[in-house]
Each structure stands twice: as C-alpha cells, then as structure tokens.
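Here is the structure we will look at.
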Amino acid sequence: MFVKKEDWEKLVDSFKDLYRNYDKFGDNARDIIDNIDICINNIMDNKSDKIYVITNNAVVDDEIDYSVYGVATNESIAKEMFKQAVKDAKCDSDFDNINAINVTNGTEYSDAEWYYTETEDSFELYLNGEYNSNNFSIRILEYNIEPKKELESEIY
C-alpha cells in the first residue's frame, strides 16, 4: 500500500475533524474513532506492516452497495470487528425473516430460498439460484503496508 503525502494528510485532517466532535458521539462511534486513532498511530510508528479492512458488500436485484465496516492494524481486533459485523447482520430482522439455511459444513442444498456460509474471515448470504443478483457478504481483507523507509518520504 502506497500513500501519497496529500492523501495521508487528508485522512489525518478528516480524523481530527471527527475527533473535535468526539463528545457528541455515542459509545459505538467513539469506539470506531478510537480504533482509527490507534491504526493511524500504529502506521505512523511502523508498529504494523498490515492493515485489515472489514467490508460489507450487498447486491439486491443487481444493484450493488459496498461499504467499510471497520479498519484495524491488529488482526485480533479485526477478527473481533468481523464477528460483530456478522452478529449485527444476523440480528437484523430481515435475516430472521428469510430463514436462511447454513451450508458451511456441507449441509445439502434443499429447496430453501436463502443460504449462508460462514468462515473465520468470510460470511456470505445468497438467494438460491440468483447468487449474482442477490447476495450479501462480510469479509476481512488484508493489505500489506510498505516498510517505513518508503513511507517516510511520502508521509512526512
């Protein structure tokens, strides 16, 4: 991952704007802001050579919606965030109403309308026979960060 100095400065400035309003946010937003702060500091201090991005991807009737659930420089924190994202998805009333069948462990496909699979770093929910048109996924994506020597010239 290569970061241009101006992009890095925009990210840090945006974060500072968020941090100025820290007291106005609820606990969940504060947790996210605190995690971003830790990530930025870890990258700047070269304490991490990886960044983990937890993504949500939804396709409903061929319309795509892609978002980032969270970012971490620590794998265990990323996995906790991933587990929370999956838990949030499963607690959604829409998930309860579709009666999805878990086929992760080789459960045979039936005439069910919805299926889902779940691994350590991936959760996929999809409509039977229409995967490309109707699906939802949560994933942990891992990116390598260039060594500090290369980043210094771009960040500072």
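The values are calculated or read from the model by the stated rules, or taken from the named source; none is laboratory data. Just so we're clear, the structure is a prediction, and the values are computed from it rather than from any experiment. So basically every Cβ, Gly included, is an ideal-geometry build from the backbone, and we count neighbours across all protein chains shown. Accessible surface is based on the protein model in full, side chains and every heavy atom, while ligands, DNA and RNA are left aside. Shrake-Rupley method; radii C 1.70, N 1.55, O 1.52, S 1.80 Å.
For segment 59-101, enumerate the residues that are closer than 12 Å to residue 125 by Cβ and in contact with a Phe, Trp or Tyr (Cβ under 9 Å, 6 or more places away or on another chain). Matches in segment 59-101: 59, 60, 86, 89, 90, 95, 98, 99, 100, 101.
For residue 110, indicate whether it is surrounded by fewer than 12 Cβ atoms within 10 Å (Cβ to Cβ), in contact with a strand residue (DSSP E or B) (Cβ under 9 Å, 6 or more places away or on another chain) and either modelled with pLDDT under 75 or of a type in the set (Val, Ile, Thr) (or both).
On the way: surrounded by fewer than 12 Cβ atoms within 10 Å (Cβ to Cβ): yes; in contact with a strand residue (DSSP E or B) (Cβ under 9 Å, 6 or more places away or on another chain): yes; either modelled with pLDDT under 75 or of a type in the set (Val, Ile, Thr) (or both): yes.
Yes, satisfied.
Is it the case that some residue within segment 119-139 is among the hydroxyl-bearing types (Ser, Thr, Tyr), open to solvent by 60 Å² or more (accessible area, probe 1.4 Å) and modelled with pLDDT of 85 or more?
We begin by selecting, within segment 119-139, every residue among the hydroxyl-bearing types (Ser, Thr, Tyr); these are 119, 122, 126, 131, 133, 137.
Subset that is open to solvent by 60 Å² or more (accessible area, probe 1.4 Å): 119, 131.
The next check asks that each one be modelled with pLDDT of 85 or more; those that pass are 119.
Looking through segment 119-139, at least one residue is among the hydroxyl-bearing types (Ser, Thr, Tyr), open to solvent by 60 Å² or more (accessible area, probe 1.4 Å) and modelled with pLDDT of 85 or more.
Scanning segment 55-69 for residues being at positive phi and either assigned to a helix (DSSP H, G or I) or surrounded by 10 or more Cβ atoms within 10 Å (Cβ to Cβ) (or both) gives a total of 0. Can you find a residue in segment 77-97 that is assigned to a loop (DSSP other than H, G, I, E, B) and within 22 Å of residue 28 (Cα to Cα)? Checking segment 77-97: at least one residue is assigned to a loop (DSSP other than H, G, I, E, B) and within 22 Å of residue 28 (Cα to Cα).
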